[in-house]
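Data block below; observations after.
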Amino acid sequence: MKEGQAQLEFLNSLLAAFCGGIVLAGIVPLSAYDWGILAAGLLVVCFYLFFRDSMVLKYMVVLLFLSLGALGFISAGMLPATDISHIYGQEVRLGGTLLEAPRVVEDDDGSVKLRYVIEAKQLWRVGEKLEKPVSGKVYVYARAQQGTRPPEARIGDFIQAAGTVKLLHGYQNPGRVDTVQAARTKGITAQISVGKRGIDVRQQDRMLFLRQMENVRAQYLASMQSMMPHADAAAIFAMLFGGYEGIRPELLEAFTTTGIVHILSVSGSHITLLAASIAWMGGWLRFPRWLTAFLVILAIVIYSVLSGCVPPVIRAGIMGVLTFLALVLERGRDARRILTLTGLFMLLVSPLLLFDISFQLSFLATAGLLYMGPVVHSRMHGWPEFVSGSMAITLSAQLFTLPLLAWYFHMVSLSSLLANLAVVPVVEFMIVIGLFAGLIGFFLPIFGKIVFFVDSLLLGAVYELTRMIARLPGSQIYVPVLGAGTSAVYYVLLGFWLQPQERRMRVYRWLIVHRQGIMGSGLCLGFFVAGYYFTRPPELAVHFIDVGQGDAALVVTPHGRAFMIDTGGTRDRNFDVGRRVDVPYLLHYGVRQLDGIFLTHAHEDHAAGVGGILKKLPVQQVFIGSEDRTVYAKSMGLSIAAPELRNFVPLHTGAHIELDGVSIEVLYAPQLAKSTTGSPAGNEISNVIRVRYGRASFLFTGDLVKEQEAVLLAEAIPLASTVLKTGHHGSKTSTSPEFLQAVAPRWAVISVGADNGFGHPHAEILARLVAGGVKTYRTDENGAVVFYTDGSRIRTETYRQ
């Protein structure tokens, strides 16, 4: 093996060991002290072996980096005693420096929601005059009513806000981007909501460089809006600096389907594609290598500065500058070493980056271009350079990130190659001239506006072309989630394919020599796996999805049929729970269509998600309560003339549906007076549904109140169930002692949002469940909860332990 190749493989093994240590620290219950002692011992051993010139040294160094990864991860979670997250639940008055431009979102009613990122400097507890020491970063949420303007706040200004400190909390379901961990990588550990009280702003001259960059971006946007519709300006601004605010949903959907949505993200893939396009242009125009390298670096630096030097851009920019500098100078192996060292250094500084999707995609996309791009390009000898170059970029980036795409997005775009050939060059050209127009616009405003007008025309062409490609048959295919073992096998096979022919031939010869033993072992393993899967009893899976302050459950029958009971949702419908929480959860578990959705009632926190699901997945029928269809349509954000409403079927007491050996029983469907105002009826309208498989049963009561529980008891309706979905998110208006006694569950699930303003679940209900010997799970604490049963035995899994 060549010395350079051995050095690269050793560096990669150190990076892999460090990442493995980070993951291991979350599994093995060892303290920072334990890992520190282990690391110190390994360091001593490494010194000893170094002076003995031992061949074992490199293996000990790998183990040392594994222990350092674990130690770094645990240390990153050890916040200082003054961190603001330690006083969660307390009402305070907080002062600090604004670190980013406020994020502004306008609601349908004309009110404005704002989010500020503040570095805490001062803290007073309510009722106390003495200032307390405080540190850390915090989200501050405010709201401005229609017709009122929030106070102007610029980066570096001093902000004061009053409210209750709360911990960060996201939707705790598998397959989602962990927003809490992403915030932690930025040092943000808490949040405060000031509501209508707003904030106080004291202007101060700090962070002037970042403030000036924000002014430049604002000038870009203002100049665009003066020459084109605001929706077009929002799309081009997103292409330049990232974000989805103000973009037409149709354009966003088309970009997603064709696999080029990364264009709207300040991620490594954006910088990588931008730099790759400029590098290709330099080669096509036969620029000297030094000039091409200079243009690549200049483009990355300008983009990073104008994007506000936010951490994802800085990380991707460093990778892009170093790796493409080496590539353009035809030092590909040096570029690979630089990428590994850069990734290792970043993780040493911030181990939590390993769980950041931006870092993951940036690193793997760049690795794909460096390791796989040249191989694909060389094996397409004879193809036109434009085609082979684009295909090498597309295939290498997608194949290296495939397990992540399957985990987070569940889809791979087959049309991405065509989109990258036909659309991406135009978009990259738009980005380049857009950046140029913004800079020139400071000196020649008319010229800048003309270029932005051209950008707007090009955007129209991109929009139509992308939509056309997105409508092609099979433009996007579903990819099942690849587990850790499957992903490891995938990368091993991919790595084998990338090996030099000589090494591959050695492996082939070894396989031929040992083919009998390998085939025998494979057959034994295959018989064992097949025997396990064919002899184990089929299981029903009941998932309680974390949808925040709402209810949503997924039921998957033993042979893969699926239906939902409630879908969750938000009352203001500004966040589409159906599309952004339910659908990703369903796809994560391989559910691509639903036999039905059963709704307990029409309140948004139970039914609003249906609208998003219907737009993404086929649903045979939606079973509703006695409220009018128009009430459900309003809750779901659908038109009263929407064709989907034809498949809405009212439930009636005593209805019984059999699906794949699973019984769905409607125990109670109250027929109350229909709303004449278009608003949902009260909680008393809730249907009561029981799902039964063998001796296992699951009872869903929606928001049923005690008075209606008493009606069920008076009518002697049999309620006994193994698992109870606790009524009304654990409110004391539900789950009476008599009702709980009649159900007699072994387990209970409370679907509830963290730190909600309703006080759910109530302490009285929790005490009642404990007194009844009921094992209780909560989605705010445990995340998604899954019950598996073969009809007699039951096992549970939770997203959070």
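The values are calculated or read from the model by the stated rules, or taken from the named source; none is laboratory data. Note that this is a predicted model, so its numbers are computed, not measured. Every residue, glycine as well, gets a Cβ built from its backbone with ideal geometry; the counts of neighbours run over all protein chains shown. We work out accessible area using only protein heavy atoms, side chains counted, and drop any ligands, DNA or RNA first. Shrake-Rupley method; radii C 1.70, N 1.55, O 1.52, S 1.80 Å.
List of remarks:
- Pick from the range 637-669, criterion surrounded by 14 or more Cβ atoms within 10 Å (Cβ to Cβ), touching a helix residue (DSSP H, G or I) at 6+ places or on another chain (Cβ under 8 Å) and of a type in the set (Gly, Ala, Ser), ranking: modelled with the highest pLDDT: 637
Let's see how each residue does on (1) closer than 20 Å to residue 353 by Cα; (2) buried (at least 16 other Cβ atoms within 10 Å of the Cβ); (3) of a type in the set (D, E, K, R); (4) touching a residue at least 40 places away in the same chain (Cβ under 8 Å):
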{"position": "8", "(1), (2), (3), (4)": "no, yes, no, yes"}
{"position": "15", "(1), (2), (3), (4)": "yes, yes, no, yes"}
{"position": "18", "(1), (2), (3), (4)": "yes, yes, no, yes"}
{"position": "22", "(1), (2), (3), (4)": "yes, yes, no, yes"}
{"position": "30", "(1), (2), (3), (4)": "no, yes, no, yes"}
{"position": "33", "(1), (2), (3), (4)": "no, no, no, no"}
{"position": "46", "(1), (2), (3), (4)": "no, yes, no, no"}
{"position": "57", "(1), (2), (3), (4)": "no, yes, no, no"}
{"position": "61", "(1), (2), (3), (4)": "no, yes, no, yes"}
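- Scanning the range 573-611 for residues that are in a helix (DSSP H, G or I), under 20 Å from residue 751 (Cα atoms) and touching a strand residue (DSSP E or B) at 6+ places or on another chain (Cβ under 9 Å) gives 577, 578, 581, 582, 585, 586, 605, 606, 607, 609, 610.
- One residue alone among 81, 70 is aliphatic (A, V, I, L, M) and assigned to a helix (DSSP H, G or I), and that residue is 70.
- Candidate set from the range 340-352 (those that are crowded, with 22+ Cβ neighbours inside 10 Å and under 21 Å from the mean Cα position of the chain (by Cα)); member that is farthest from residue 185 (Cα to Cα): 347
- Here the condition is being touching a strand residue (DSSP E or B) at 6+ places or on another chain (Cβ under 6 Å) and at positive phi; of 175, 127, 136, 89, it holds for 136 alone.
- For the criterion of being more than 26 Å from residue 585 (Cα to Cα) and either touching a His at 6+ places or on another chain (Cβ under 8 Å) or among the hydroxyl-bearing types (Ser, Thr, Tyr) (or both), residue 358 fails.
- Selected residue (criterion: surrounded by the fewest Cβ atoms within 10 Å (Cβ to Cβ)) from residues of the range 78-88 that are in contact (Cβ under 8 Å) with a residue 12 or more places away in the chain and out of contact with any Ser or Thr (no Cβ under 7 Å at 6 or more places or on another chain): 78
- For residue 330, the criteria (1) of a type in the set (Asp, Glu); (2) modelled with pLDDT under 70; (3) part of a helix (DSSP H, G or I) hold in every case but one, which is (3).
- Criterion violated by residue 515 - all others in (1) farther than 21 Å from residue 398 by Cβ; (2) touching a residue at least 60 places away in the same chain (Cβ under 8 Å); (3) surrounded by fewer than 17 Cβ atoms within 10 Å (Cβ to Cβ) satisfied: (2)
- Identification of strands (runs of 3 or more DSSP E) wholly contained in the range 111-193 with 2 or more residues that are open to solvent by less than 60 Å² (accessible area, probe 1.4 Å) and within 25 Å of residue 580 (Cβ to Cβ) yields 112-125, 137-144.
- Of all residues in the range 732-772, those satisfying the criterion of being open to solvent by less than 30 Å² (accessible area, probe 1.4 Å) and either assigned to a helix (DSSP H, G or I) or among the β-branched types (Val, Ile, Thr) (or both) are 735, 739, 740, 743, 749, 750, 752, 765, 769.
- Residue 590 in contact (Cβ under 8 Å) with a residue 60 or more places away in the chain and on the phi > 0 side of the Ramachandran plot: yes
- The range 552-604: number of residues that are open to solvent by 10 Å² or more (accessible area, probe 1.4 Å) and of a type in the set (Asp, Glu): 4
- Residues that are open to solvent by 50 Å² or more (accessible area, probe 1.4 Å) and either β-branched (Val, Ile, Thr) or on the phi < 0 side of the Ramachandran plot (or both) within the range 773-795 comprise 775, 781, 792, 793, 795, listed in sequence order.
- Residue among 528, 452 that alone is aromatic (Phe, Trp, Tyr), over 30 Å from residue 664 (Cα atoms) and open to solvent by 30 Å² or more (accessible area, probe 1.4 Å): 528
- You will find that of 477, 446, 469, the residue that is hydrophobic (A, V, I, L, M, F, W, C) and open to solvent by 70 Å² or more (accessible area, probe 1.4 Å) is 446 and no other.
- Residues of the range 359-389 classified as open to solvent by 10 Å² or more (accessible area, probe 1.4 Å), part of a helix (DSSP H, G or I) and at pLDDT below 75, total: 4
- Of all residues in the range 194-220 being part of a loop (DSSP other than H, G, I, E, B) and not charged (D, E, K, R), the one that is most open to solvent (accessible area, probe 1.4 Å): 203
- Candidates 261, 301 - the one that is of a type in the set (A, V, I, L, M) and either modelled with pLDDT of 75 or more or buried (at least 21 other Cβ atoms within 10 Å of the Cβ) (or both): 301
- Search result, residues across the range 613-636 that are touching a helix residue (DSSP H, G or I) at 6+ places or on another chain (Cβ under 9 Å), closer than 24 Å to residue 669 by Cα and part of a loop (DSSP other than H, G, I, E, B): 620, 621, 625, 626, 627
- The residues of the range 640-669 that are of a type in the set (Asp, Glu) and assigned to a loop (DSSP other than H, G, I, E, B) amount to a single one, 660.
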